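**Q** One structure follows; several queries about it will come next.
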Amino acid sequence: MIYALLERYHRLRDNRHAVWVGYALVAFVLAILPFVVDSGLGRTWVRILDFALLYVLLALGLNIVVGFAGLLDLGYIAFYAVGAYTWALLASPHFDLHLPFWVLIPLCALVAAIFGVLLGTPTLRLRGDYLAIVTLGFGEIIRIFLNNLNAPVNITNGPQGINRIDPMQLGDLSFARTQTLFGLELPSVHLYYYLFLALVLLSIFICIRLQDSRLGRAWVAIREDEVAAQAMGINTRNVKLLAFAMGATFGGVAGGLFASFQGFVSPESFGLLESIMVLCMVVLGGMGHVAGVVLGAILLATLPEVLRHTASPIQQQLFGKVILDPESLRMLLFGLALILVMLLRPAGLWPETTRRRELVSRE
Amino acid sequence: MDIFLQQILNGLVLGSVYALVALGYTMVYGILGLINFAHGEVVMIGAMVALTVMNALVSTGLGLPGPLVLMLALLAAMLVCMALGFSVERVAYRPLRKAPRLAPLITAIGLSILLQNIAMLIWGRQYQTVPRLISHESHTIFGATITDLQILILITSTVIMCGLLALVHYTRLGRAMRATSENPTVAGLMGVNINRIISATFVIGSAMAAVAGVLVSANYSIAHYSMGFMLGLKAFTAAVLGGIGNLGGAMLGGLLLGLIESIGAGYIGDVTGGFLGSHYQDVFAFVVLILVLVFRPTGLLGERVAERA
């Protein structure tokens, strides 16, 4: 059934007018979404939307590494952590530094990219499962250091984390308060929503352009067959390093935004499970397919919240008590989803067309 | 000097547990060429099952002797883990044997999360105390102390490892396993039932994982649903250090990693002038892993190259 829908979608896509109408519709929905959600479900849900957008950013970044270049990275959240801590250290009372955002965002991206290259350099020769384990180890090392670098010199403030991080400030426009723009009341979460949305759209644009670029095709070539790619004259070492660095950049920027949005960072937010969650988004949505990954990220970021609000009451009604708390239910479902998707729909929920063709022809 | 000797003893005890788990990784890798990510969770399930059996037997009030209870618990844990290892292979690996290499890895991660959360549902979030069934009486050798339990760990793991080596080198099953790891297709043509051999490999590895789980939880007197993960990673590191796919290598790697960790954690404070403390113990395994993969991807004893193009 999904394939039939996809077919119709592809036929629609060939129609120029339908495409523009579609874009306009999507833009309109995205623009009014926070207001609808706010009045319909409450302000917490706008916050959840904001987080979903951050996850989209992360998933897009990881998609470059895993989906395009085929390098399984299980420590991706480390870059998120690096970005978040870069922002937190340079824009909080912790060191009494308060740099503006236009310095911080490129800086977060840069620092994360440096870490990406640091991780990439020793692991370039590895493939598949080895790479997965090493990246996982790297993620854990970063977390352990964040957790323990509070003595003898207090750099990260250890397990307590850093709080009172400066909120986003664009010129005179502070994101911490409700602002009135063109007669519209915009609460803080709405402002963040539009900022994140803008960045997500920019990232989607970058990813789509990357995909068809020389570099993007080189990544896909490496993913499909590294030896053949090398024979075709691709400098696999540099191209893979670039994949790591670019993926890390996305993670770093998302981390910085997270720090300013949350106002608080601690090592706890950057555990292995977060890495796996972002990986789930990419795998579930469809590795290598930008739209699929966005779908996966939104689904996996919002579903747990839906579960949180519905699972307990339903269990209460059925069994008279809460047997599974939402948190463990979420993880159970994640585990199950990873297995089932790989067994039943190995290309994800919304696969890329070339991938789909490969998989169908193989059967 | 006695502190140094103490660290060596602790390292050997820890290392022999790593070695038992590492053997499971290395056997599966040798035959299928993939990392069994869920192996650490098998260790955890082993520890948890044994714990349940121990508690049940102790609370019956029959006054069974401690070592007997431990034996029964170990037996139960091994049986459960063998069944678990068998089903892990069936669910996560067999259907994907011809799929791209990322696929089985991802199902294995999924399985690992699933097992952890199921264990959490059954045994709860809190740390479980393991009853003391073996005397923790300590002996002093050259100023270092070693408990009865630690001696038991060393002996058990040595016996099991020797048993495994004998199995692999002197039995029909072992010969079939070696043939399969050499070349599955040709082994199949020679009349080896590949699927049975792969299942057997998982079952044997899981039985050893169960033993390791029981030993390590008894040693620390504690069991937890998340204990398998880190242990699994370190054991994998040990397998890579020794040379993946090589049984002797896994044993050597396990012991070495145990020594590196305990000596490293004992002296890192002095070496760095107090800048880094013993809470960085978990970092050592990863640093070792990265160094080995960069400088000697075949591991210490391996002929097989860790990267596969």
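The values are calculated or read from the model by the stated rules, or taken from the named source; none is laboratory data. Because the structure is a prediction, the values reported are computed rather than measured. So basically every Cβ, Gly included, is an ideal-geometry build from the backbone, and we count neighbours across all protein chains shown. Only protein heavy atoms, including side chains, enter the accessible area calculation; ligands, DNA and RNA are left aside. Shrake-Rupley method; radii C 1.70, N 1.55, O 1.52, S 1.80 Å.
**Q** Out of A:Leu329, A:Leu333, A:Leu299, report the one residue that is open to solvent by 10 Å² or more (accessible area, probe 1.4 Å), more than 25 Å from A:Gly75 (Cβ to Cβ) and not charged (D, E, K, R).
**A** Unique residue meeting the criteria: A:Leu329.
**Q** Six or more apart or on different chains, Cβ under 9 Å: which pairs go from a residue in the stretch A:329-345 that's at the interface with chain B (Cβ under 7 Å from one of its Cβ atoms) and within 15 Å of A:Ala311 (Cβ to Cβ) to one that's surrounded by fewer than 21 Cβ atoms within 10 Å (Cβ to Cβ) and at pLDDT below 80? Could you list them?
**A** Partner pairs satisfying both residue conditions: A:Leu332/A:Leu324; A:Phe334/A:Pro304.
**Q** Something else now. With farther than 30 Å from B:Glu182 by Cα and at pLDDT 80 or above as the only criterion, which of B:Leu259, B:Leu255 stands out?
**A** Every option except B:Leu259 fails the conditions.
**Q** Looking only at the stretch B:236-252, how many residues end up being in a helix (DSSP H, G or I), farther than 13 Å from B:Gly11 by Cβ and either within 14 Å of another protein chain (Cβ to nearest Cβ) or charged (D, E, K, R) (or both)?
**A** Matching residues across the stretch B:236-252 total 5.
**Q** Out of everything in the stretch B:37-79 that is outside any helix (DSSP H, G or I) and either modelled with pLDDT of 95 or more or open to solvent by less than 40 Å² (accessible area, probe 1.4 Å) (or both), what residue ends up being nearest to B:Leu133 (Cα to Cα)?
**A** B:Ala38
**Q** Give B:Leu167, B:Leu133 a once-over and let me know the one that is crowded, with 17+ Cβ neighbours inside 10 Å, more than 14 Å from chain A (Cβ to nearest Cβ) and aliphatic (A, V, I, L, M).
**A** B:Leu133
**Q** Oh, and also: Considering each residue of the stretch A:189-221, count those that are open to solvent by less than 10 Å² (accessible area, probe 1.4 Å) and among the charged types (D, E, K, R), and give that number.
**A** Of the residues in the stretch A:189-221, 0 are open to solvent by less than 10 Å² (accessible area, probe 1.4 Å) and among the charged types (D, E, K, R).
**Q** Now, a different point. What's the number of the condition B:Gly143 fails, among (1) open to solvent by 40 Å² or more (accessible area, probe 1.4 Å); (2) at the interface with another protein chain (Cβ under 8 Å from one of its Cβ atoms)?
**A** Condition not satisfied by B:Gly143: (2).
**Q** Scan the stretch B:175-194 residue by residue and report those that are of a type in the set (A, V, I, L, M), surrounded by 15 or more Cβ atoms within 10 Å (Cβ to Cβ) and assigned to a helix (DSSP H, G or I).
**A** B:Ala176, B:Met177, B:Ala179, B:Ala187, B:Ile194
So that you can scan it fast, the table gives a plain yes or no per residue for (1) on the phi < 0 side of the Ramachandran plot; (2) modelled with pLDDT under 90; (3) touching a Cys at 6+ places or on another chain (Cβ under 7 Å):
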position	(1), (2), (3)
B:Met161	yes, no, no
B:Arg172	yes, no, no
B:Asn195	yes, no, no
B:Gly205	yes, no, no
B:Val214	yes, no, no
B:Gly245	no, yes, no
B:Ser278	yes, yes, no
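**Q** Look through the stretch B:94-110, keep the residues that are farther than 18 Å from A:Leu72 by Cα and at pLDDT 85 or above, and return whichever of them is farthest from the other protein chains (Cβ to nearest Cβ).
**A** Only one residue tops the list, namely B:Arg94.
**Q** Next up: Conditions: (1) over 25 Å from B:Gly254 (Cα atoms); (2) open to solvent by less than 30 Å² (accessible area, probe 1.4 Å). B:Phe202 meets all but one. Number of the miss?
**A** (1)
**Q** Any chance the stretch A:59-81 includes a residue that's modelled with pLDDT of 80 or more, more than 24 Å from the chain's Cα centre (by Cα) and closer than 30 Å to A:Thr178 by Cα?
**A** No.
**Q** Could you grab the pairs with beta carbons closer than 6 Å, sequence gap of 6+ or different chains, first residue in the stretch B:286-300 and among the small types (Gly, Ala, Ser), second one assigned to a loop (DSSP other than H, G, I, E, B)?
**A** B:Gly299/B:Gly243
**Q** Can I ask one more? State yes or no: is A:Gly320 in contact with a Leu (Cβ under 9 Å, 6 or more places away or on another chain) and either small (Gly, Ala, Ser) or at pLDDT below 80 (or both)?
**A** no
**Q** Now for a different question. Could you tell me which of the residues A:Val189, A:Val200, A:Val153, A:Val134 is under 29 Å from A:Val290 (Cβ atoms) and either within 14 Å of chain B (Cβ to nearest Cβ) or part of a loop (DSSP other than H, G, I, E, B) (or both)?
**A** Residue meeting the stated conditions: A:Val134.
**Q** Would you mention how many residues in the stretch A:66-111 are closer than 30 Å to A:Glu224 by Cβ and part of a loop (DSSP other than H, G, I, E, B)?
**A** 8
**Q** Scan B:Gly232, B:Gly213 and give me the residue that is assigned to a helix (DSSP H, G or I), within 14 Å of another protein chain (Cβ to nearest Cβ) and closer than 29 Å to B:Ala285 by Cβ.
**A** Exactly one residue qualifies, and that residue is B:Gly232.
**Q** Another question, if that's okay. Of the residues A:Leu136, A:Leu107, which is at pLDDT below 90 and more than 19 Å from A:Gly296 (Cβ to Cβ)?
**A** None of the others qualify; the one that does is A:Leu136.
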